[in-house]
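Written below as structure tokens is the structure these notes are about.
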Amino acid sequence: MNKLSFNLILKNRRSVREFKPKAIHQDSLKRLIWAAQGKTNNSGYRTAPSAHALHPLRLFVTASNIEGTVSGFYSVDPETDELILIHEKDIRNDLEKAAIGDQPWITEAPLVLSICADFITPCKDFADQPPYGQRGSRYVYIEAGAVAQNIQLQAAEEGIGSVLVAGLQDEVTATVLGLEEPFAPVLHLCVGWPA
Ligand SMILES: Cc1cc2nc3c(=O)[nH]c(=O)nc-3n(C[C@H](O)[C@H](O)[C@H](O)COP(=O)(O)O)c2cc1C
């Protein structure tokens with residue numbers, strides 16, 4: 001397969017909300033996870049920038065049709081990018097109910113990547129910079145946007161579709177994801193082969 005030019009990848013990135021019932025290969029999942037905020041050198045720097053290199057984002061994976069991977073809900077080890085199985089329950093429909101409005105693509109996607117964040121550490125770190133109390137969370141959202149774009153562009157490079165879903169009921173979504181303080185959800189990426 002010929003590699004797409006970066007310009008063509010940018011052009012091909014389009015929100016996709018209808019997916020084929022076709023498995024995504026676990027190697028593609030690994031590449032999406034690395035693209036998100038994988039390490040690019042031994043100093044711990046990553047594919048996405050992070051204010052003061054705090055790296056407050058965490059990735060969770062709802063795998064429902066991934067070739068070579070047991071279906072279930074996983075966290076991603078931020079140091080190694082390894083998947084850590086949390087449980088084998090399919091939470092997609094619960095995530096859909098926890099979204100704002102009618103978003104059936106959450107239940108239909110073979111893969112949902114959820115970007116969550118520790119908001120407390122950046123808020124403390126940037127507490128002395130105006131707008132006081134808000135700069136840390138502003139930076140978290142900027143970083144999540146960069147990570148989401150990395151994932152969507154890696155998916156586009158492989159011909160895989162995705163849509164960013166940030167219309168979430170935060171507390172209900174946190175409960176479905178089983179998040180504990182200081183983590184809170186920021187967005188999901190629903191991923192699959194375009195129908
Ligand atoms: C911050 C943000 C939040 C979004 N939230 C949702 C969402 O909750 N549900 C959804 O289906 N699309 C969501 N989208 C995707 C937009 O609807 C989509 O990017 C827009 O329609 C433009 O289409 P394109 O991505 O194909 O360029 C969101 C996009 C952004 C940047």
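Tabulated values for the structure
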{"item": "Förster-model FRET efficiency, 25 Å R0, residue 141 and residue 40, C-beta, rounded to 0.05", "result": "0.65"}
{"item": "Longest to shortest principal axis, alpha-carbon extents of segment 20-110, angstrom", "result": "40, 31, 24"}
{"item": "Cα→Cβ-extended label distance, 7 Å offset, between residue 5 and residue 22, nm", "result": "2.6 nm"}
{"item": "GluC sites (Glu not before Pro) within segment 72-143, DSSP loop, no more than 13 other Cβ atoms inside 10 Å", "result": "79, 82, 88"}
{"item": "Cα-Cα over 29 Å, subset of 20/89; 3/89; 20/97; 22/97; 39/124; 39/97", "result": "3/89; 39/97"}
{"item": "Cα centroid separation - segment 109-127 against segment 74-95, whole Å", "result": "15 Å"}
{"item": "Spacing of the two label points (7 Å from each Cα toward its C-beta) at residue 127 and residue 93, in nm", "result": "4.4 nm"}
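Taken together, the values in this text are just the output of simple stated rules run on the coordinates, not laboratory data. Every value quoted in this text rests on a predicted model; they were computed, and no experiment measured them. Here the Cβ is made from the backbone with ideal geometry for all residues, glycine too, and neighbour counts use every protein chain on show.
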